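Have a look at the structure below, then the notes.
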Amino acid sequence: MVVAAFVAPYLMEATTRFVSAAAELPDVRLGLVTCEPVERVPPHLRERLAGHWRVEDALDPRQLQWAVTGLAGQVGRVERLVGALEQLQVPLAQVREALGIPGMDVRTAVNVRDKSQMKETLRAAGVPCARHALVRSPAEAVAFADEVGFPLVAKPPAGAGAQSTFRLDDGDVLRRWLAAVPLGPHDPALLEEFLTGEEHTFDSVTLGGSTVWSSIADYRPPPLEVLRNPWIQWTVLLPRDVSGPRYEGIHRWGPAALKALGVTDALTHMEWFAQPDGSVAVSEVAARPPGAQLSSMHGYAHDFDLYRAWTELVVHGRFAVPERRYAAGTAYLRGMGHGRVRAVHGLDAVQQQVGHLVVEARIPQPGQPAATDYLGEGYAMVRDPDTAVVEDALHRIVSGVRVELAEG
């Protein structure tokens, strides 16, 4: 019997799926550390928990250590401390080291969380990635721009996904960005050269320092373009075959990057570019399950439950390598305008064309508020053994469905 504590600040849909998967594992006593009162825990999950501890700030390592120590009185000495959110990885590592709990250490957690340190570590190991600078003043930002040239990418050193990420096309845009961002000795920002080419993911499982499973997805278009153009309905494609020459470079550099960062036992989410000259550039690495429906897509492509597989990995230290049987993809439905969803157009025609391929969907509903992130108001997920069929279905969805937003 393994005693584990799962840290989940708030029980959002995806997070709850991971917690539920951990609670259903055999030979596990699970305690939950959360900001939610026990009454807010879904009943089906509550009855499977061996303990519950509420904190005010789940990202504060002092509160987490207090919670884990307190949980020991309910569930026994905690032997595994886990969490699925990227922002949790460093605090979790700090508590593990303080209490002698096995798992990712602080050095590795910082390497995959602090984007500046990440790229310093990768470049020192010879792993190709963007030139970058951690800037603390306008002068440092201008100096980096003069050295590298435009366009540039600006982002927080410890952001998650594409949040708070901007493309700076010229000096005027740089000056406007500097006017809006309070740089200082304790408030740096990360500037990077703008990488061109096709953007992809490399999701993988590392056990004992070796990559035992990997999966590649294609972003169409890249997330930064999606952020700059709120009207774009974008797609993510998991091709069935990821073994060909198109992906040969990342099969070499992906594991090399993880080794350089110190990752030994984890599921990681990596973003990378296939550049026009055929070379690979690693963009970012995160030591957590992938977001944007990718965890579900991997499940459909491999006919397995990645939510459960991740919990078995972090709690029991094992991973059953699945076979890739399908191509899968998601079309993200995003409205034009502001306010709330007024109507969704084109659904009937698209349903007739590709409805038989849809395995999961969330259709925007009239009256629904406009999304505040780049995932949009809804999505449709498809799969088929033939990658070309999935590509065609995704194209038909994003070109045939229109989400209308309106004020009031």
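The values are calculated or read from the model by the stated rules, or taken from the named source; none is laboratory data. Given the structure is predicted, the values throughout are model-derived calculations rather than measurements. Neighbour counts are summed over all protein chains in view; Cβ atoms, including those assigned to glycine, are modelled from backbone coordinates with ideal geometry.
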#### Entry: Those residues of the range 214-262 which are touching a strand residue (DSSP E or B) at 6+ places or on another chain (Cβ under 7 Å) and assigned to a loop (DSSP other than H, G, I, E, B), in sequence order
Pro222, Trp231, Gln233, Trp234, Pro239, Arg240, Val242
### Query
Would you pick out the residues in the range 114-153 that are touching a strand residue (DSSP E or B) at 6+ places or on another chain (Cβ under 8 Å), under 17 Å from Ala180 (Cβ atoms) and not in a loop (DSSP other than H, G, I, E, B)?
Val135, Glu140, Ala141, Ala145, Leu152, Val153
### Criterion (touching a helix residue (DSSP H, G or I) at 6+ places or on another chain (Cβ under 8 Å) and of a type in the set (Lys, Arg)) met by exactly one of Arg77, Arg40, Arg62, Arg17
Arg17
#### Entry: Count of residues meeting criterion [in a helix (DSSP H, G or I), surrounded by 19 or more Cβ atoms within 10 Å (Cβ to Cβ) and touching an Asp or Glu at 6+ places or on another chain (Cβ under 8 Å)] in the range 70-105
3
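Among the residues of the range 289-315, write down those that are in a loop (DSSP other than H, G, I, E, B) and within 20 Å of Gly103 (Cα to Cα). Give the steps one after another, and end with the answer.
Keep residues of the range 289-315 that are in a loop (DSSP other than H, G, I, E, B), which gives 289-293, 303-305.
Within the range 289-315, Pro289, Pro290 qualify.
Give Gly329, Gly335, Gly317 a once-over and let me know the one that is under 30 Å from Glu24 (Cβ atoms) and surrounded by 23 or more Cβ atoms within 10 Å (Cβ to Cβ).
Gly329
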### Query
Which residue, of Leu45, Leu64, Leu59, is outside the structural domain of Leu207 (by TED's automatic domain parsing) and outside any helix (DSSP H, G or I)?
Leu59
### Query
Can you tell which of Gln63, Gln87, Gln74, Gln94 is under 29 Å from Ala189 (Cβ atoms) and modelled with pLDDT under 95?
Gln87
### Query
Could you say whether any residue in the range 277-286 is touching a residue at least 60 places away in the same chain (Cβ under 8 Å) and either in a helix (DSSP H, G or I) or charged (D, E, K, R) (or both)?
yes
